[in-house]
Amino acid sequence: MAQESTYAVNDTKGSLGEIEVAPEVIEVISGIAANEVDGVYAMQGKLASGVTELFGRVNHKKGVHLTQDEEGLKVDIYCYFKYGVSVPSVALEIQSKVRDQLLQMTDIELNEVNIHIVGIVPEKSAISDLLNIMDEDGEEE
């Protein structure tokens, strides 16, 4: 997570006051946007987020790390892709969607959106497909 406690929204120092966004909000928006891209199987999480999900609570900032340096804000997204997808296409779509969503919702521009593919997950065969294979081998239903 980034070192600052909040980030000021662009051009908000007016007569009414400032608008600030917590880093966790940026991580959540980025995580939701990345998860919505077709081809993303799941986000990489830690043991704590896995335990939290067992109790029914979704951790939307799972797999998202926000950092700030002299160049600006950077988001690193760690995710698993579905088998058979075009990795460059899905990664570029994640970058675009995260950048656009953050700009639309918070008016904060990211300097970088880095995508880290930590694995490819193959599709699982449906039980009905397995039963059909057994029927084709000559066994009766």
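Read the figures in this text as sums done on the coordinates, not as results from a lab. No experiment lies behind these values; they were computed from the predicted model shown. With ideal geometry, Cβ positions are generated from the backbone for all residues, glycine too; neighbour counts draw on all protein chains shown.
Which residues in segment 60-90 place their backbone N less than 13 Å from a point set 7 Å from the Cα of Tyr41 along the Cα-to-Cβ direction? Counting only backbone N, you get 79-85. For the pair Asp76 and Leu103, the difference between a 0.36 nm per residue extended length and the Cα-Cα distance amounts to 8.1 nm.
Ranked highest first by the average count of other Cβ atoms within 10 Å around their residues, in what order do 113-123, 29-39, 95-105 fall? Mind dumping the intermediate values first?
Numbers: 113-123: 13.7, 29-39: 19.8, 95-105: 16.3.
Highest mean packing first, the order is 29-39, 95-105, 113-123.
Each other residue within a Cβ distance under 10 Å of Gly39 adds +1 if Lys or Arg and -1 if Asp or Glu, for a net charge of -1.
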